[in-house]
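What follows is a short report on a single structure.
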Amino acid sequence: MTETAPATRTPAALAALVPVLRDICGEDGVLTDASRRRTYESDGLTHHRSVPGVVVLPTTAEQVAAVVRLCSDRGVPFVPRGAGTGLSAGALPHAEGVLVVTSRMRRIIEIDVDNECAVVEPGVANLDVTRAAAPHGYYYAPDPSSQQVCSVGGNVAENSGGAHCLKYGFTVNHVRGLDIVTPSGELVSLGGRSPDAPGYDLIGAFVGSEGTLGIATRITVNLTRAPQKTVTLLSAFTSMDAGGRAVSSVIAAGVLPSAMEMMDALAIEAAEKAVACDYPQGAAAVLVVELDGPAAEVDAQLAEVVRLCGEAGSFETRTASGPEERARIWKGRKSAFAAVGRISPAYIVQDGVVPRTALPEVLRRITELSESSGIRVANVFHAGDGNLHPLVLFDDTEPGAADRAEEVSGAILDLCIEHGGSITGEHGVGVDKACKMPRMYGPDDLATFDLFRRSFDPDGIANPDKLLPTPRLCGERPGVRRGVHPLVESGRADQF
Amino acid sequence: MTPAEKLQVEGCALRRGTADDAVGTLVPGYVARPADADALARIMAVSGRRGLTVVARGHGTAMDWGGVPRSADLVVDTGGLSWIDHIAGDLVVEVGAGTPVADLFAVLEAAGQRLSVDPVREGGTVGGMVATGVSGPRRLLTGALRDLVIGMTVVRADGVVARSGGRVVKNVAGYDLAKLHTGGLGTLGVIASVAFRLHPLPPALRVVTIPLASRGHAERITAALRATTVVPAAVELHWPSRLPPPPSTDASGATQPTRLPPPPSTDASGATQPTRLPPPPSTDASGATQPTRLPPPPPTDADRTAPAPPSPAVPHHGPCLRVVLEGTPEGLEARTATVLSVLRGAAPREGAAPPGPQVDRELPAGWGLLPSEGTVVRVSVPPAESAEAAEALGALAGRAHGTDAVVTGSVPRGALFVSFAPGAPAGAVADTVAGARSRPGWSATLLRAEPHVHAAGVDPWGEIPGLPLMRAVRDSFDPGRRLAPGRFADGA
């Protein structure tokens, strides 16, 4: 647990900063009141908590720069935060630091159809970019499950993906320009409306840097032309192996779906109980495949995918092309995380990745792990790119259950690494997986990451204790979730 | 010079440098050829301890890219790091840096897959392709080269081997350092291996080649295409600075009048339009139809030894736009029809119409390749200004100086290249670069310049945004500035 001592008072070192912060951000832009600071104590991974020393809510890039410059001058750590939906405690506040929240920087500065891009402030919600672009026939492609509330600035920090990144890529593939405030408080413009900015690709390295290289204050993203046709297909199988075979044969046939998602029996059962998604009875696995593009191409691919699912042993396949029918198919998949929260008092979610060809083997091993430990594991995952989200279920009131669940969860990550995969496909490292980085990278690799980090942040004040393992951090337990995430509960976000 | 025995390391062949190894005018003291990444690490560590400057080399096809290196004590030849580990079922490949690009492409093609990038140079190694980092025309669906790199192993200036990313497409663990090395010109480390995501080969493709009457015509076409949902893989512009005389071997072309390029600001005046371009030379097998090479001055034409394979019949020397569609044969039929109907609606408003568009089932010979000689300036502009930029830069490069140059590039990405004929005066390059840099939001860098252009003091990089941060990164990875010093904007 990353709980800090009850922070009722702003630490003395920070108290001296407060008047200056108020000069910069205005009276209402600085929160020192303990109860208001406490509302920022965690991000989407609510298990990790720390009340920030002080919270600032700047409204302009200049204010962000002035705040960070002040932190730099005084050697005070700062933590950037967008909408706080992250799932790796990447925005976990620093008890003796400044939490810089971008939620008041919510202007969509421009939808530039001629240049197929949008210029936005970091606090703009992901889906609002698409909403603003939609009347022009465009959308913003990265679609993390929290897209209704998560911020574009947060997406940049985490290099967010989403169900459709199989075809369209991640945030990094869609950012053309960034204004950033560096850890020394300088405002630097990188790229802009013109892609291919000259020199080293700092935009590429900044995206996904989890707030450790500075704060993005203005973001130019690509807009993507809305596809002519989108079809969603649901195919049911009597075994996970059969579903896995369908995934492999679709890929081998040269079809690139925009999304390809799979759920196992336990996840289906949970989803049925929660939202009555009416998936085919008796399915041990369901596969959701989405195809989009020019109508004639989609039609040809759909016929191929239906045929391949049949050959792999599917006993029922449904297709939908209208938005409502498609939403019905997605409903079960999108509700899965929340649904699992309803059938188990607590669970751990993993975000490991395996090469697609290793999926059947890894899923079998997960089943064995589950059986031998008596810990139930529900599998919900992005099958197209091998990104697993195993949900390790346990009852946190039962003594020792959390430790056993933790063991299973750790063993699953080890499986991913053994098979040449990754410890995180989209949730990020943050605090949660910082201590697992040495399982994936060697000491020289980690030292090189640190070398790069220090080229931006020599004093180590930008989101310290995130992304890379530190002695202070490691040895602590990664995240356990209880029940349903508050954002999901309130209907403001899906989690999948 | 450091004595040879001090540089001997296990697994690394070492010899004296010769004139053939010269980097610009610098003849390196030694050339080392490590057999594998470990040997590469050893020679880098030794050269680090000795304080030697190091230039990495694959096939040496881009040694003149970027600024001119100030020093090159040691050339590291990556040719020994040649291996391909293709995991077809995962659509992933990991490749040693010294692997010839052609070998990689052949292996992937045999498996029905591809690395979705059009190389801009013939030959070359994978390490060289990544270190130079330039993407060819087909980048609209699957992104630029940098978007396809999923992992990389690099040997740092001090000999430390560092890996980032991995062999899975989806992975956000750690910093994406491969982005820095892609296009880093070997100034942040020596690439040892690269992992890429792959795509299936499309079942078929169509190339719609559209002769252009004017800048306005190009702008109307690209705007109209943008409004469709045909999802092109490439929309590639070809804009010569001036029209060369029609090839004499082209019987029909000989009867065509040749005009200067359109005026800079408007297509309203029919008088200056290339009103009638030579019609398709249907069976022209002469070298004149090499489409993406710069139209060379006549004397060098005779030097061509390798005649191009049959190429598209539309005259390459007129301005044109090429739209590439990839997909199933059924899908392509409908999509091509859409493109053609869009073109009818975007026809030139004034003057006689150019020849109609032509549809091919194959890419033209030399597709995407930049000329192998002469200065090339890379210009990035907001995409909507691509045609304007091509016209303005073509005019600066060509008409003002009487130089042959051609502007090519991806319109929807605003990624343009101004390729000058070999021997083009430095003044033409300088004016082009200065003209581009004077426009807000545009950037211009010397991708490759001839020695007389460098000698004239044309700044290869200009005032690029974020330069102090870039230098900080450089200082972290190569504090002694020993890796190809001078190639990047070092500030030294």
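The radius of gyration of the Cα set in the stretch A:229-418, together with its Dmax, comes out at 16.5, 58 angstrom.
Eigenvalues of the Cα gyration tensor times 5, then square-rooted: what semi-axes does that give for the protein assembly as shown, in whole angstrom, largest first?
On the way: eigenvalues 422, 230, 160 Å².
One finds semi-axes of 46, 34, 28 Å for the protein assembly as shown.
Can you bin the stretch A:308-349 into rounded, prolate or oblate? Criterion: square roots of the alpha carbon gyration tensor eigenvalues sorted a ≥ b ≥ c, rounded for a/c under 1.5, prolate for a/b above b/c, oblate for the rest.
Working: a/c = 3.90, a/b = 1.64, b/c = 2.38.
Oblate, because a/c is 1.5 or more while a/b does not exceed b/c.
Using the Kirkwood radius over C-alpha pairs as Rh, can you work out the diffusion coefficient of the stretch A:108-225 via Stokes-Einstein at 4 °C, viscosity 1.567 mPa s, in µm² per second?
Details: Rh = 13.9 Å.
Estimated diffusion coefficient is 93 µm²/s.
Between the stretch A:439-457 and the stretch B:406-478, the alpha-carbon centres lie 32 Å apart. Evaluated with a Cβ-only charge set (Lys, Arg +1; Asp, Glu -1), the protein assembly as shown carries a dipole of roughly 1180 debye about its Cα centre, given to the nearest 20. Against chain A, whose longest principal axis comes from its Cα atoms, helix A:359-373 is set at around 80 degrees. Among all the lysines, which ones have a C-alpha under 26 Å from A:Lys436's C-alpha, if same-chain residues fewer than 8 places away are not counted? The reachable lysines, counting only those whose Cα sits under 26 Å from A:Lys436, are A:Lys466, B:Lys170, B:Lys179. Electrostatic bookkeeping for A:Leu359 treats Lys and Arg as +1 and Asp and Glu as -1; over the other residues with beta carbon under 14 Å from its beta carbon, the sum is -2. Which of rounded, prolate, oblate describes the stretch A:34-150, given a ≥ b ≥ c as roots of the alpha-carbon gyration tensor eigenvalues and a/c under 1.5 marking rounded, otherwise prolate only if a/b is larger than b/c? It comes out oblate by the Cα gyration axes.
When the helix-only estimate is applied to the protein assembly as shown (DSSP H runs of n ≥ 4, each -39,500 (n - 2.57), divided by the residue count), what is the mean residue ellipticity at 222 nm, nearest 500 deg cm²/dmol?
Helices in the protein assembly as shown give a 222 nm mean residue ellipticity of -8500 deg cm²/dmol.
Beta bridges assigned by DSSP with both partners in the stretch A:1-126 are antiparallel in approximately 45 percent of cases. Each of A:Phe449, B:Phe105, A:Phe337, A:Phe78 was scored by other Cβ atoms within 10 Å of its Cβ. Arranged with the fewest first, they read B:Phe105, A:Phe449, A:Phe337, A:Phe78. The residues neighbouring B:Thr182, those whose beta-carbon lies less than 9 Å from its own, together hold a net charge of +1 under the Lys/Arg +1, Asp/Glu -1 convention.
Quick one: work out the % antiparallel among DSSP beta bridges in the stretch A:62-178, nearest 5.
On the way: 5 of 9 bridges.
Antiparallel: roughly 55 percent of the beta bridges in the stretch A:62-178.
Counted by neighbouring Cβ atoms within 10 Å, the residues B:Lys170, A:Lys229, B:Lys6 run from fewest to most as B:Lys6, A:Lys229, B:Lys170. Remark: mean inter-chain Cβ contacts per residue of B:462-475 equal 6, using a 10 Å Cβ-Cβ cutoff to other protein chain atoms.
Using a cut-off of 11 Å between beta-carbons, work out the net charge of the residues near A:Ile219 (Lys and Arg +1, Asp and Glu -1, A:Ile219 not included). Let's see the in-between values first.
Working: positive: A:Arg176, A:Arg218; negative: A:Glu121, A:Asp179.
It works out to a net charge of 0.
Would you mind ranking A:Arg81, A:Arg342, B:Arg413 so that the residue whose beta carbon has the fewest other beta carbons within 10 Å leads the list? Let's see the in-between values first.
On the way: A:Arg81 28, A:Arg342 15, B:Arg413 25.
Fewest-to-most Cβ neighbours within 10 Å comes out as A:Arg342, B:Arg413, A:Arg81.
Taking every residue in A:280-292 and counting other chain Cβ atoms within 10 Å of its Cβ, the average works out to 0.
Among the cysteines of the protein assembly as shown, those with no neighbouring cysteine Cβ under 4.7 Å are A:Cys25, A:Cys71, A:Cys117, A:Cys150, A:Cys165, A:Cys277, A:Cys309, A:Cys416, B:Cys12, B:Cys320.
Between B:Leu14 and A:Val20, what FRET efficiency follows from the Cβ-Cβ distance if R0 is 51 Å, with the result rounded to 0.05? Intermediate values should be presented prior to the final figure.
Details: r = 60 Å, r/R0 = 1.17.
Rounded to the nearest 0.05, the efficiency is 0.30.
What do the square roots of 5 times the Cα gyration tensor eigenvalues come to for chain A, in whole Å, largest first, as semi-axes of the equivalent ellipsoid? Before the final figure, lay out the partial values.
Numbers: eigenvalues 280, 148, 78 Å².
For chain A, the ellipsoid semi-axes come out as 37, 27, 20 Å.
Inter-chain neighbour count for B:90-96: the average number of beta-carbon atoms from partner chains within 10 Å of each residue's beta-carbon is 3.
Each reported figure results from applying straightforward, stated rules to the coordinates on display, with no laboratory input. Predicted, not measured: the structure shown is a model, and the values here were computed from it. Every residue, glycine as well, gets a Cβ built from its backbone with ideal geometry; the counts of neighbours run over all protein chains shown.
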